[in-house]
Every structure is written in C-alpha cells, then in structure tokens.
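Comments concern the structure below.
The values are calculated or read from the model by the stated rules, or taken from the named source; none is laboratory data. As the structure is a computational prediction, the values presented were derived from the model and not from experiment. Don't worry about glycine lacking a Cβ; one is built from the backbone with ideal geometry, like all the others, and counts go over all protein chains shown.
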Amino acid sequence: MQLSSIKKELGVATCALLQAPAYATDSSWDIDTAVLYYSESDGRVQAFEPAVYASKELGDDQRIDLRLVVDVLTGATPNGAHASTVTQTFTTPSGNGSYTAQPGETPLDDSFKDTRVAAGVDWTLPFSRLSRVRLGLNGSTEYDYTSLGVSATYLHDFNSRNTTVSAGLAFNNDTITPVGGVPTAFSPMREPGATNRDGAEDTKTVTDMIVGITQVINRKTLIQLNYSLGLSDGYLTDPYKIVTVVNSETGLPDNSALLNVNADALPYVYEKRPDSRQRNSVFFRTVHHFRRDVVNFSYRYFWDDWGITSNTFDLKYRYEFGRSYLQPGIRYYLQDAADFYRHNLVQGVDVDVNGRVLLDTVSSDYRLAKLTTTTLSLKYGYALGDNSELSMRGGLMNQSIDDGDVPAGEETPDLDALIINAGYSLRW
C-alpha cells in the first residue's frame with residue numbers, strides 16, 4: 001500500500017506491453033506475457049513483476065479477457081521524515097525494532113517488502129446489433145492490503161462503426177491491515193515496545209465513472225477523448241508515513257512538547273489525510289499511421305479536491321523495419337502539491353505545548369509534493385512468425401521534488417529508476 005504511486009508507474013510500464021490485441025477472427029486465444037523489472041537508485045525499492053493477459057472470442061459476439069499480475073517488492077522506502085544535520089532514530093512499523101538515518105541522509109525504512117497478486121476477468125456480450133456490455137471482476141491481495149471490485153461498461157457504435165461512445169462504472173472495496181495496526185492520527189511515534197494504534201484494520205471504498213468517445217478520422221488516424229470521475233471514502237491515510245516536529249528556532253527535530261503525550265515520544269507524529277477525495281481527469285489520445293511508421297500521443301489533465309493538479313504528456317514513435325520495429329518514447333509528468341502537504345511541523349506554531357497538532361490534515365509524503373517526472377524509453381519488437389512477437393523495452397525515470405524554501409540540507413533528493421520490460425505475445 002505504501003508504494004501506490006510507484007505501482008502506478010509500474011502499471012503504466014506494464015500496460016505498454018499488455019495492450020489488448022485486436023479482436024481475433026477465429027476462436028484462438030490471444031496471449032500476452034510480460035516481465036517487468038524496476039529498480040530505484042540508492043538501494044531503494046526494487047520490483048519484479050510477471051504478468052499474463054489472455055483473450056478469446058466465444059462466438060455470438062461474446063469475448064472473455066483474463067489477466068494475472070504478481071508484484072514482488074523489496075528495498076527501502078522513505079518514511080515521510082526528511083534529512084537533518086543530526087542523527088535520527090525511528091521505530092519500525094511493527095513497533096518492535098528501530099533504524100537510524102545519519103546526518104544528511106533521507107530516512108529510509110529498509111524493512112519494507114511485499115508481494116501482491118492481482119487477477120481480473122472481463123466478459124463482453126452483445127446488447128444489440130451496435131452495442132455491447134463489458135462486465136468485470138477484479139481482486140488483489142498483499143500482506144497489508146486487500147481489494148475486491150466490480151465494473152460495467154456500455155459501448156455503442158454508430159456512424160458506420162467509425163464512432164464509439166462508452167460509459168463505465170467501477171466499484172472497489174479495500175481493507176487495509178497495516179503492520180503493527182492502524183496508527184492513531186497525529187499521535188507520536190514511540191520508542192520500540194510501545195505504539196499508538198486505533199485498531200488492526202480499516203477500510204475504504206473507491207467508485208470510478210468514465211465517459212468517452214473514440215473516433216476514426218480516416219484510414220490512418222484515430223482519436224480518443226475520455227472524462228473520468230473518482231470518489232474515494234474511508235481510510236485514505238498512509239499508515240507508514242510520519243511528519244517531523246521541529247524546533248522553531250533551531251529547525252532540528254524536537255520532541256519536548258510530544259513528551260506531554262507519551263513519555264517515550266520521538267519527534268515525529270503519524271500523518272492524517274482527508275477521509276474523502278474527489279478525482280477528475282480529462283484524457284486525450286491520437287494515433288496516426290504514416291506510410292509505415294506510427295505515432296502515438298496522449299495528454300492527461302488531472303485535478304482533485306486535495307488541491308493536486310497534474311499534466312501528463314506521453315509521446316511514442318514506432319519505426320517499422322519489416323518484421324521488427326523500434327519505438328522510442330518520452331513521458332513527462334508535472335504535479336502541484338496537495339493543500340495539506342507540509343515539509344515538517346513547527347513546535348509552537350503547528351503543535352502546541354501539550355503536543356496537540358493544530359492542523360486538520362497534514363502529510364509530508366513527497367508523492368504529494370510539487371514534482372516533475374520524466375521517463376525516457378526505447379522498445380524493440382520482432383515478429384517471430386505470423387502469430388507471435390518478442391519485445392524488449394528499457395526506460396530511465398527521473399523524479400525531481402520542488403522543495404521551495406526548504407532549509408539547506410533537508411531537500412528531498414531526486415529519484416532515478418531503471419525500468420526493463422520483456423514481453424512475448426502469441427495466438428494459440
């Protein structure tokens with residue numbers, strides 16, 4: 001759960017390999033397999049992700065799509081605190097151990113590891129001669145998170161099947177069972193052997209709606225436009241993230257006020273995010289086929305009631321060479337910070353003398369900060385025969401956090417990551 005944004009990046013990379021194939025003209029299976037390797041710099045998160053996608057025409061305009069993804073995540077992940085000029089000591093999420101960050105080091109929890117298994121099935125069936133319905137079931141499980149969902153999408157063709165309009169609805173129910181239990185919001189992190197917990201688990205619901213149109217402009221050009229709305233309610237806080245409380249004069253971690261809450265309090269409190277979120281996005285994509293090559297461009301604008309806005313540009317150009325192709329790509333993501341993002345909390349300003357946080361919500365998770373992400377990639381594909389293809393894709397990602405007026409030495413360092421995909425597709 002604590003790496004949702006990274007998993008989103010991994011999902012984008014994997015989907016580049018697992019694009020749904022065109023409808024088969026016979027009863028054979030169309031199968032796409034892929035393996036992804038993701039590695040962050042400085043010994044941070046590493047991921048290994050095998051995935052398989054299979055589809056089959058069932059006759060009478062019916063179709064089934066199956067998918068299975070496994071994520072194996074290891075490494076060290078930021079806990080929300082920032083580098084300091086002094087040594088910092090933290091308690092592990094279980095409450096039974098501790099780890100330290102030396103002066104100038106970004107605090108990383110190296111106890112992180114997780115394995116996630118996700119599966120889904122979609123069944124498409126005709127509704128009328130020009131319309132169809134796609135029904136879906138999906139589920140995923142990992143050490144501290146379980147998600148179950150259903151979806152339904154209606155699609156209708158007109159204009160000689162050159163135009164398709166769609167409307168979809170999805171609902172997920174998620175259960176969060178953090179290691180060590182659900183932290184009490186704004187309570188201090190305590191020394192090993194003691195914790196502040198509200199229970200073993202909590203829940204949230206996610207409802208997503210989408211409407212869109214796909215238009216064939218001519219034999220070589222296709223455009224797509226979607227609007228999506230997402231509503232999340234429940235426990236939306238990251239249970240593993242903390243916020244540092246600093247002295248107003250020295251700027252160093254200070255637990256003097258928090259000692260009035262717990263005698264063994266460390267100078268950090270657990271974050272708290274709003275218990276609801278409304279997400280909106282507009283997505284545009286165009287694909288143009290030249291005499292041989294293909295260009296694919298997409299743009300996405302996102303905004304929510306947390307104050308986050310983002311712009312995503314994605315450009316890929318595919319050079320065809322007979323049985324093989326080469327596809328360079330660039331993806332640029334620009335995000336503004338959430339309204340409740342804070343680098344730290346100041347004692348006497350944000351935290352009173354009794355150790356009470358005077359804000360309604362706060363997080364210092366860098367994923368909610370103002371940031372930019374650039375990903376450069378290169379994919380090579382080769383047709384092994386009429387019914388199979390092998391592909392390889394390599395990518396380099398750089399993420400840069402805009403720390404603004406953060407004191408020198410406390411800046412969040414850039415994140416660099418290597419992304420490698422290997423894929424094999426066949427009709428069987």
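Remarks
- Test: residue in segment 216-231 that is surrounded by fewer than 19 Cβ atoms within 10 Å (Cβ to Cβ), more than 30 Å from residue 143 (Cα to Cα) and touching a Leu at 6+ places or on another chain (Cβ under 8 Å): yes
- Filtering 250, 237 for residues that are within 22 Å of residue 341 (Cα to Cα), outside any strand (DSSP E or B) and without any contact (Cβ under 8 Å) to a residue 24 or more places away in the chain leaves a single hit, 250.
- Exclusive hit being more than 25 Å from residue 157 (Cβ to Cβ), surrounded by 15 or more Cβ atoms within 10 Å (Cβ to Cβ) and touching a helix residue (DSSP H, G or I) at 6+ places or on another chain (Cβ under 9 Å), set 304, 238: 238
- Applying the condition of being in a strand (DSSP E or B), in contact (Cβ under 8 Å) with a residue 60 or more places away in the chain and of a type in the set (D, E, K, R) to segment 37-77 and asking which residue is farthest from residue 106 (Cα to Cα) yields 63.
- Residues (closer than 15 Å to residue 229 by Cα and not hydroxyl-bearing (Ser, Thr, Tyr)) located in segment 293-333: 300, 302, 303, 304, 305, 306, 308
- The one condition in (1) touching a Leu at 6+ places or on another chain (Cβ under 9 Å); (2) surrounded by fewer than 17 Cβ atoms within 10 Å (Cβ to Cβ); (3) of a type in the set (A, V, I, L, M) that residue 345 fails to fulfil: (2)
- Residue 378 meets the conditions (1) within 17 Å of residue 106 (Cα to Cα); (2) assigned to a strand (DSSP E or B) in every case but one. The failed one is (1).
- Check on residue 319, more than 22 Å from the chain's Cα centre (by Cα) and modelled with pLDDT of 95 or more: yes
- Annotation: of all residues in segment 94-149 being among the hydrophobic types (A, V, I, L, M, F, W, C) and not in a strand (DSSP E or B), the one that is surrounded by the most Cβ atoms within 10 Å (Cβ to Cβ) is 112.
- Among residues of segment 299-317 that are of a type outside the set (Ser, Thr, Tyr), those with a beta-carbon under 6 Å from a residue that is not in a strand (DSSP E or B) at least six positions away or on a different chain give the pairs 306/338; 307/338; 307/339; 308/338.
- Meets criteria (assigned to a loop (DSSP other than H, G, I, E, B), out of contact with any Pro (no Cβ under 9 Å at 6 or more places or on another chain) and modelled with pLDDT of 95 or more) for residue 334: no
- Identity of the residue in segment 382-412, exposed (fewer than 14 other Cβ atoms within 10 Å of the Cβ) and not in a strand (DSSP E or B), that ends up farthest from the chain's Cα centre (by Cα): 386
- Pick from segment 254-271, criterion touching a strand residue (DSSP E or B) at 6+ places or on another chain (Cβ under 9 Å) and outside any loop (DSSP other than H, G, I, E, B), ranking: surrounded by the most Cβ atoms within 10 Å (Cβ to Cβ): 269
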